[in-house]
Amino acid sequence: TITGRYELALSGDSLANLDGAVALDVAGADVEGARLFPSRARLRFADKRLLVDTLRVESTAGTINARGALGLAGGAATSDSLLFELALDSLGGVRRYLESSGAGNGEAADSLAGSVRASGVARGRLDSLDLSGTFSGAKLQMGTTAGRRISGRFQLRDVLGSPSGTLSMRADSV
């Protein structure tokens, strides 16, 4: 159940051809067992681009903020960029997603703890999206493996197609 308001003024026959605006204000929701707190999105579609004026989604799993623009699939080559910040204050909030993806065994997922933050930029178009940024974590635990702090950088190409890239990480007390 989702409670809130939305306004749609869109035209077009595919994602790449959308034109118009979307305003979404969520007062609260329960989505597959995750609680969604008041959240907001202000999006515009024009010239084969998605313009994100405001995006803030807060849930029991974490909070994401974003603003900027991206090219839509099939659009002209673009240098648009979308800035994002992700905060997972309690990794317990993402436990269910790790279990369903098979990323952790039952014991590891059951004892998941800690916090993670990431910030970065998404560049390009949806059909050739690149991501780069930094991340940090504190008081991490998964199963019997624990670490006080981690930090690192990532640079990924074509994340929605054939992903490749680099990840560098530092950890203490693992």
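The values are calculated or read from the model by the stated rules, or taken from the named source; none is laboratory data. As the structure is a computational prediction, the values presented were derived from the model and not from experiment. Positions of Cβ are backbone-derived with ideal geometry, glycine not excepted, and every protein chain shown enters the neighbour counts. Please note that ligands, DNA and RNA were not included when accessible areas were found on the heavy atoms of the full protein model with its side chains. Shrake-Rupley method; radii C 1.70, N 1.55, O 1.52, S 1.80 Å.
Could you look at the chain and say what percent of its accessible area is carbon and sulfur, using a 1.4 Å probe and all protein chains?
53
In Å², what does the accessible area per residue of the chain work out to with a 1.4 Å probe?
Roughly 60 Å² per residue, with all protein chains present.
From the alpha carbon gyration tensor of the chain, can you work out the equivalent ellipsoid semi-axes (sqrt of 5 times each eigenvalue) and give them in Å, largest to smallest?
In descending order, the three semi-axes are 31, 21, 14 Å.
Tell me what the chain gives for mean residue ellipticity at 222 nm when only DSSP H runs of n ≥ 4 count, each as -39,500 (n - 2.57), the sum divided by the residue total, rounded to 500 deg cm²/dmol.
-1500 deg cm²/dmol
Let me make sure I get this right: for the stretch 26-78, a, b and c are the square roots of the gyration tensor eigenvalues over alpha carbons, sorted descending. Under 1.5 in a/c it's rounded, otherwise prolate if a/b > b/c, else oblate. Which is it?
Prolate is the answer for the stretch 26-78, as a/c is 1.5 or above and a/b outweighs b/c.
Could you tally the net charge around ILE64, taking each other residue with its Cβ under 10 Å from the Cβ of ILE64, Lys/Arg +1 and Asp/Glu -1?
Here the count lands on -1.
So how far apart, in nm, are the two label points at ILE2 and SER119 if each is 7 Å from Cα heading toward Cβ?
Label-label distance for ILE2 and SER119, simple model: 2.8 nm.
Mind listing the long-range amide H neighbours of ASP80? Cut-off is under 5 Å, sequence gap 5 or more, other chains count too, H placed in the peptide plane at 1.01 Å from N.
GLY71, GLY124
What is the stretch 1-48 by shape, rounded, prolate or oblate, if you read a ≥ b ≥ c off the alpha carbon gyration tensor as root eigenvalues and call it rounded for a/c under 1.5, prolate for a/b larger than b/c, and oblate otherwise?
prolate
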